[in-house]
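One structure below.
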Amino acid sequence: MMKKMYLIVIVVMSISSVGAEQKLLSHDAIYQTITQFIHAKLVASVEYAVNIVPLDAQLQLAECSVALEAFSSSEKINAGRYSIGVRCKGEKKWTIYVSVLISVFKDVVILARPVQRGDIITDAMLSIERRDISSVREDFFTDISQVLNKQVVRSMMAGSVVSVRNIVEPVLIKKGDKVAIHSEKSGLSISMTGIALMDGAKGQRIRVKNESSSRIINATIIEAGLVVVD
């Protein structure tokens, strides 16, 4: 069930003075118009909360003779802060702009314990936790399998959200390591030994020196100690 809290800040307004004899618009009507607008913009399955700072209780707006209209300069609405406009196109026209903070909640991969730079991530280091992603960049992970066996690039505290910027493929071959070179051409399989001339991770192309011919070739790392010539 979606939790909605109201938090609104008026940024700009151009509103005619309201006479005592005129019917006044309920502030709740503005809140409702904003939340309906946001709900229509967000994916139906998303869990979110709309936070708005209440309007000044002394602010009086003329009741609109037509349905209120909400709008935004942003085509897409997601997690974050937005300026949402609400206007009346009736006989007494007015427009206000409201600052709205939208919190979107997702299950993301976090660290269950502290890690140090260079650590290889194991299942025991990870957990899934529901977080407000409005303050998290879009490079987080939602599946633990996406992070397993990756190498940490900096020390992090328990509870930290694991992101693309925090991890890399681990170095499987280091400069000077002896490696097996495998090649398949025209159905013929050839294996030889070589010396790695640079560090590399899985899937990375590195330079390798063939021990028997001294020829330097480019090969792709398959696993520790094994490279393949394309």
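Taking the numbered list (1) assigned to a loop (DSSP other than H, G, I, E, B); (2) modelled with pLDDT of 80 or more; (3) surrounded by fewer than 15 Cβ atoms within 10 Å (Cβ to Cβ) in turn, residue 59 passes all entries but (3). Among the residues that make up region 92-107, is at least one of them assigned to a loop (DSSP other than H, G, I, E, B) and assigned by TED's automatic domain parsing to the domain that holds residue 23? Checking region 92-107: at least one residue is assigned to a loop (DSSP other than H, G, I, E, B) and assigned by TED's automatic domain parsing to the domain that holds residue 23. Of the residues examined, residue 87 is not one that is within 18 Å of residue 157 (Cβ to Cβ) and either assigned by TED's automatic domain parsing to the domain that holds residue 30 or of a type outside the set (Val, Ile, Thr) (or both). For the criterion of being aliphatic (A, V, I, L, M) and either exposed (fewer than 14 other Cβ atoms within 10 Å of the Cβ) or assigned by TED's automatic domain parsing to the domain that holds residue 132 (or both), residue 40 passes.
Taken over region 73-92, the criterion of being small (Gly, Ala, Ser) and either in contact with a His (Cβ under 9 Å, 6 or more places away or on another chain) or surrounded by fewer than 13 Cβ atoms within 10 Å (Cβ to Cβ) (or both) is satisfied by 73, 74. Going residue by residue through region 119-131, is there one that turns out to be surrounded by fewer than 14 Cβ atoms within 10 Å (Cβ to Cβ), hydrophobic (A, V, I, L, M, F, W, C) and free of Cβ contacts under 8 Å to residues at least 24 places away in the same chain? Among the residues of region 119-131, at least one is surrounded by fewer than 14 Cβ atoms within 10 Å (Cβ to Cβ), hydrophobic (A, V, I, L, M, F, W, C) and free of Cβ contacts under 8 Å to residues at least 24 places away in the same chain, which makes the answer yes. Residue 113 satisfies every condition listed in (1) under 30 Å from residue 227 (Cα atoms); (2) touching a helix residue (DSSP H, G or I) at 6+ places or on another chain (Cβ under 8 Å) except (1). Considering region 189-230, the residues that are closer than 25 Å to residue 153 by Cβ and acidic (Asp, Glu) include one that is modelled with the highest pLDDT, namely 199.
The values are calculated or read from the model by the stated rules, or taken from the named source; none is laboratory data. These numbers come from a predicted model, not from an experiment. Using ideal geometry, Cβ is built from the backbone for each residue, glycine included, and neighbour counts are taken over all protein chains shown.
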